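Remarks on the structure that follows.
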Amino acid sequence: EQPAQIDFENKITLELMDVRHQHPGCSIIVEDESRNIGGRHLPIPLSDTMAVSSMVVIELPFEQRIEKLWQEYVIERYRHTLAYHGNNAEQAFADYLRDSLLRIKKRLGGQKTKDILNLMNSALELQHHDAFASHRSWLRAITADYYDPMYLYQLEKRSDRVVFKGNHQEVSQWLASA
């Protein structure tokens with residue numbers, strides 16, 4: 001379950017204040033997110049500041065991104081669902097994945113949504129036989145067909161704010177020297 005909007009904003013504000021206190025004079029680096037995160041919204045001052053701030057882009061190979069997505073949106077989500085829903089976890093997890101896909105159906109298109117839903121349903125059937133590995137197939141499809149094109153489009157619109165691009169090590173070195 002997501003926190004109330006006010007609790008979400010307060011938590012972000014307190015954590016940012018704590019970082020400022022522990023590291024005075026240092027820049028704060030945040031992940032580029034849309035104003036909306038699930039059903040919650042970033043505080044307006046934070047999203048306004050992010051909208052005009054310089055950007056550093058960490059470039060990851062496709063399969064590495066799939067692994068990160070798989071870990072976060074399949075493995076961790078399943079563990080969370082199991083802990084929260086107990087005996088109803090399997091259905092709750094399947095509903096969560098399907099509902100998440102159907103929320104982007106209009107932008108993804110009917111046929112692509114159907115294809116990805118078939119991959120997802122197959123993965124849900126196999127998940128306890130293949131250690132959830134089949135979920136990577138629909139993650140690859142949704143990333144290639146939807147998230148990557150959307151991300152590249154959004155990044156292109158803000159390309160004037162990008163001050164550096166590189167892999168994790170290159171970005172870390174650049175930030176250390178900045």
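The values are calculated or read from the model by the stated rules, or taken from the named source; none is laboratory data. For clarity, every value in this text was computed on a predicted model and none was experimentally measured. Cβ: placed from backbone, ideal geometry, glycine included. Neighbour counts: every protein chain shown.
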Quick check on TYR78: is it more than 28 Å from LYS165 (Cα to Cα) and either touching a Cys at 6+ places or on another chain (Cβ under 9 Å) or surrounded by fewer than 14 Cβ atoms within 10 Å (Cβ to Cβ) (or both)? no
Taking the range 117-164, which residues are touching a Leu at 6+ places or on another chain (Cβ under 6 Å) and in contact (Cβ under 8 Å) with a residue 40 or more places away in the chain? LEU139, TYR146
Quick check: is even one residue across the range 93-114 farther than 30 Å from ASN167 by Cα, modelled with pLDDT of 95 or more and touching a His at 6+ places or on another chain (Cβ under 9 Å)? yes
Just checking, which of ALA178, ALA144 is more than 22 Å from TYR78 (Cα to Cα), hydrophobic (A, V, I, L, M, F, W, C) and at pLDDT below 95? ALA178
Could you tell me which residue of the range 146-163 is farthest from the chain's Cα centre (by Cα), considering only residues that are of a type in the set (A, V, I, L, M, F, W, C) and closer than 19 Å to ARG65 by Cβ? VAL162
Taking GLU33 as the residue in question, decide whether it is surrounded by 11 or more Cβ atoms within 10 Å (Cβ to Cβ), over 30 Å from TYR84 (Cβ atoms) and charged (D, E, K, R). no
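Table: residues versus (1) of a type in the set (A, V, I, L, M); (2) in contact with a helix residue (DSSP H, G or I) (Cβ under 8 Å, 6 or more places away or on another chain).
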| residue | (1), (2) |
| --- | --- |
| PHE132 | no, yes |
| LEU139 | yes, yes |
| TYR151 | no, no |
| LEU155 | yes, no |
| ARG161 | no, yes |
| GLU170 | no, no |
Within the range 84-116, track down each residue that is over 19 Å from the mean Cα position of the chain (by Cα) and of a type in the set (A, V, I, L, M). ALA89, ALA92
Against the definition (not acidic (Asp, Glu) and not in a helix (DSSP H, G or I)), how does LEU97 come out, yes or no? no
Quick one: would you say VAL56 is assigned by TED's automatic domain parsing to the domain that holds MET17, β-branched (Val, Ile, Thr) and at pLDDT 95 or above? yes
Only one of GLY86, GLY39 is exposed (fewer than 12 other Cβ atoms within 10 Å of the Cβ), more than 27 Å from VAL162 (Cα to Cα) and touching a residue at least 24 places away in the same chain (Cβ under 8 Å). Can you tell me which? GLY39
Within the bounds of the range 118-135, is there any residue that is of a type in the set (Phe, Trp, Tyr) and touching a Ser or Thr at 6+ places or on another chain (Cβ under 6 Å)? no
Considering only residues that are in contact with an Asp or Glu (Cβ under 9 Å, 6 or more places away or on another chain) and outside any helix (DSSP H, G or I), which ones fall in the range 103-116? GLY109
Residue satisfying condition, being assigned by TED's automatic domain parsing to the domain that holds LYS68 and surrounded by 12 or more Cβ atoms within 10 Å (Cβ to Cβ), within set ARG107, ARG98: ARG98
